[in-house]
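Data block below; observations after.
The values are calculated or read from the model by the stated rules, or taken from the named source; none is laboratory data. Values in this document were obtained by computation on a predicted structure and should not be read as measured data. With ideal geometry, Cβ positions are generated from the backbone for all residues, glycine too; neighbour counts draw on all protein chains shown.
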Amino acid sequence: MLKTLAASLLWISAVATAFAAAPNLPTPNLGKTVGPADIARWDIDIGRDGKWLPPGEGTAAQGAPIFVAKCSACHGDGGRGTEQAHKGLPAPPVLVSDIKRKGIDASTTSIPNYWPYAPPLFGYIRAAMPWNEPRSLSDYEVYALTAYILAENKLIDAKLVLNAKTLPKVMMPNRNGFLIRFPEITPH
């Protein structure tokens with residue numbers, strides 16, 4: 001056992017010495033240096049106050065056909081859920097509901113009672129939807145889809161043009177219904 005251990009340590013030492021003596025060995029060429037342009041493509045956070053919202057705009061009327069084409073297969077007609085969702089089976093969430101809910105759990109989340117601020121809803125759609133083609137929607141399409149979903153939930157007037165100035169002004173019904181877990185480190 002000691003012989004094997006000594007031989008192993010000797011071998012490791014010899015390999016380490018060989019690498020140290022030859023510092024100009026070629027690298028394995030894995031990956032590439034990440035530059036500012038690469039980071040900018042993925043730096044798509046949206047603040048709850050609307051900070052970092054991109055240029056663009058959209059209305060509910062513009063969002064309706066986009067929803068039919070890109071969203072209704074998973075979220076149902078008008079965002080009102082699929083047959084599976086109505087049976088309580090695992091399914092994409094129901095986005096539009098007339099039911100007024102109190103409290104939140106996995107079975108009762110909806111746009112009005114789950115999202116405390118409207119801009120992050122835009123950010124989520126922009127980054128993650130449609131699930132099979134995330135980040136494939138233009139900012140104009142995302143504004144239109146956000147307007148459509150908010151209008152269908154009766155949270156905004158259907159004629160409102162959503163953009164970087166109007167979206168942060170949307171008052172979500174459950175804005176004050178969340179407890180901040182770490183208030184001492186949460187930006188105001």
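For the stretch 96-111, the condition of being at pLDDT 95 or above and either touching a Phe, Trp or Tyr at 6+ places or on another chain (Cβ under 6 Å) or not in a helix (DSSP H, G or I) (or both) holds for none of the residues. Of all residues in the stretch 1-55, those that are surrounded by 10 or more Cβ atoms within 10 Å (Cβ to Cβ), more than 30 Å from PRO119 (Cα to Cα) and at pLDDT 75 or above total 2.
Would you say LEU89 is more than 15 Å from ALA151 (Cα to Cα), assigned to a loop (DSSP other than H, G, I, E, B) and at pLDDT 90 or above? In short, no. Are any of the residues in the stretch 137-147 over 17 Å from LEU53 (Cα atoms) and among the aromatic types (Phe, Trp, Tyr)? Scanning the stretch 137-147 turns up no residue that is over 17 Å from LEU53 (Cα atoms) and among the aromatic types (Phe, Trp, Tyr). Note on the stretch 147-168: residues that are within 19 Å of ASN113 (Cα to Cα) and of a type outside the set (S, T, N, Q) total 12.
For every residue, the table says whether it meets (1) closer than 14 Å to ILE149 by Cβ; (2) of a type in the set (Gly, Ala, Ser); (3) assigned to a helix (DSSP H, G or I).
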{"site": "ALA37", "(1), (2), (3)": "no, yes, yes"}
{"site": "ARG41", "(1), (2), (3)": "no, no, yes"}
{"site": "ASP45", "(1), (2), (3)": "no, no, no"}
{"site": "ASP49", "(1), (2), (3)": "no, no, no"}
{"site": "LEU53", "(1), (2), (3)": "no, no, no"}
{"site": "ILE66", "(1), (2), (3)": "yes, no, yes"}
{"site": "ALA69", "(1), (2), (3)": "no, yes, yes"}
{"site": "ALA73", "(1), (2), (3)": "no, yes, yes"}
{"site": "GLY81", "(1), (2), (3)": "yes, yes, no"}
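Taking the criterion of being of a type in the set (Ser, Thr, Tyr), surrounded by fewer than 21 Cβ atoms within 10 Å (Cβ to Cβ) and in a helix (DSSP H, G or I), the only residue of the stretch 126-173 that qualifies is TYR140. Considering the stretch 60-86, and only residues there that are of a type in the set (S, T, N, Q) and either within 21 Å of the chain's Cα centre (by Cα) or surrounded by fewer than 16 Cβ atoms within 10 Å (Cβ to Cβ) (or both), the residue that is modelled with the highest pLDDT turns out to be SER72.
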